[in-house]
Structures are given as structure tokens and as C-alpha cells.
1. What number of residues within the stretch 73-101 are modelled with pLDDT under 95 and of a type in the set (Val, Ile, Thr)?
2. For the stretch 163-178: of the residues being in a loop (DSSP other than H, G, I, E, B) and of a type in the set (S, T, N, Q), which is surrounded by the most Cβ atoms within 10 Å (Cβ to Cβ)?
3. Being part of a strand (DSSP E or B) and among the small types (Gly, Ala, Ser) is the filter; apply it to the stretch 82-106 and report the residue that is surrounded by the fewest Cβ atoms within 10 Å (Cβ to Cβ).
4. Hey, can you tell me all the residues within the stretch 108-130 that are aliphatic (A, V, I, L, M) and surrounded by 22 or more Cβ atoms within 10 Å (Cβ to Cβ)?
5. Would you point out which residue out of Gly145, Gly88, Gly125 is touching a Phe, Trp or Tyr at 6+ places or on another chain (Cβ under 7 Å) and assigned by TED's automatic domain parsing to the domain that holds Arg175?
6. Within the stretch 145-162, can you find the residues that are under 18 Å from Leu105 (Cα atoms) and assigned to a loop (DSSP other than H, G, I, E, B)?
Amino acid sequence: MISSYGSVAESSVASDVVYVNGPLLAILVIVFIFLFVAMTDNSMFVGCALFVALVSVLFAFLSWRSLADYPLTYREGDPPRIETQGGGLYDKWKLGPGATVGATLDVDKSSKVESLAGELTVRYGCPAARVDWRIYVDGDLLASGTLREGQERKLANAAVRSGHPSIIVRLTAARLDSSGCATDLVWHNPGLEGHGNGRFRFVLPLPDAV
């Protein structure tokens with residue numbers, strides 16, 4: 001993870017998502033949007049540019065508030081599909097019939113963490129799906145359960161006690177049913193929660209080719 005407060009971007013999170021760290025880049029992006037829209041002296045375009053800039057500021061703020069204080073970065077194992085909707089991030093693991101997955105993720109600069117962040121869900125589309133899941137933090141089982149189609153488990157009540165800056169998180173999941181359809185286990189805003197909302201950052205969806 002990039003540690004400097006005003007760093008420009010963290011592109012290792014996913015091919016279609018960039019973490020933007022620090023208010024400096026946020027200001028530069030908004031100024032660029034304003035100049036791009038207001039390339040004419042027409043007052044209507046200037047007004048539109050101001051509106052777009054204000055919407056961009058609001059989006060960046062809401063994105064920052066919704067993201068985990070200490071977001072997780074994929075390390076090894078079964079990689080998730082990482083998608084963004086609005087200001088939120090979604091790690092998704094596909095589970096076919098009888099499938100199991102395991103992924104190791106980590107986070108640096110996290111000595112003030114308090115709990116896991118986000119929610120786990122099993123998406124709709126496979127009514128008989130039953131998914132057993134477990135989350136380990138630094139080798140200790142911190143949260144576990146079984147989810148059916150459409151069910152959700154909030155993780156904020158899973159307290160994390162760690163006095164060191166680098167934390168290793170491992171997620172495992174397995175299909176318990178014998179249905180022939182596939183489903184997804186989804187972790188919304190994966191990470192760890194701490195004091196406040198962490199460093200200012202927001203997500204920029206990028207084209208898949210990036």
C-alpha cells in the first residue's frame with residue numbers, strides 16, 4: 001500500500017479500479033474536470049462546469065466515507081474480481097458446484113484497527129446455494145458462518161486486536177449444497193475499520209483495458 005498521505009494513486013488494487021489517495025489529487029481531478037467542461041466563454045458551460053465540480057466533490061466525499069479505513073489488497077490464492085459501484089468496492093469470488101476458494105489479503109499501516117469492515121453476501125441467481133465461509137486474521141479465526149442466496153453478514157462486530165502495522169487476512173469459502181448452478185460470494189468494502197475514516201481517498205472506475 002502506498003504510505004504517503006498525498007500519493008497520487010494506488011493502481012495495484014485492481015485492473016478496473018484505482019484508489020486515489022490524498023486531497024491533492026482530488027483537487028487536481030476536479031480542477032481538470034472544470035477546465036475541460038468550461039473550455040468556452042459561454043456562461044452556460046461555466047455553470048455546467050461548476051455543477052460537475054460540485055458533484056465530483058460530493059462523490060469523492062461519500063466514497064471516502066463508505067470505504068474501509070484500511071482497505072485490503074490481494075496477496076495470494078484465489079484472486080477476487082474487484083468491481084466498483086458508486087463509491088463502494090466489491091470483492092467477488094465465483095463458487096461453482098462443490099467449489100472451494102481461499103484468498104490471502106493484507107493491509108499495511110493498520111496498527112489502530114478495531115474490527116473487520118463491510119459485509120459478506122451470496123448473490124441471487126442460485127436459490128439452493130449454501131456457502132460456508134471463514135475469515136482468519138493473523139491466523140486466528142475471527143468470523144465464520146453459512147450464507148444462503150441473498151443473505152448478508154455484517155462484519156463490523158468482529159473485533160480485531162493487533163499491535164503491529166501489517167495484518168494478514170485469509171478468507172475461505174466452500175459450497176455445501178449439491179445444486180448445479182454457480183454463485184458469487186461478495187465482500188462489500190473489504191478491509192479493516194479503525195478511528196475515523198482513514199486517509200482521504202476515493203475510487204476511480206477505469207476501463208477494463210487499463
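1. So the answer is 3.
2. Pass one, the stretch 163-178, residues in a loop (DSSP other than H, G, I, E, B): 163-166, 176-178.
In the following step, the residues that additionally are of a type in the set (S, T, N, Q) were identified as 166, 178.
Details: Ser166: 13, Ser178: 9.
Looking at the filtered set, the residue picked out is Ser166.
3. Filtering first and then ranking leaves Gly102.
4. The answer is Val113, Leu116, Ala117, Leu120, Val122, Ala129.
5. Residue meeting the stated conditions: Gly145.
6. Leu155, Ala156, Ala158, Val160, Arg161, Ser162
The values are calculated or read from the model by the stated rules, or taken from the named source; none is laboratory data. All values derive from a computational prediction rather than experimental measurement. When we count neighbours, we look across all protein chains shown, and the Cβ atoms used for this are built from the backbone with ideal geometry, even at glycine.
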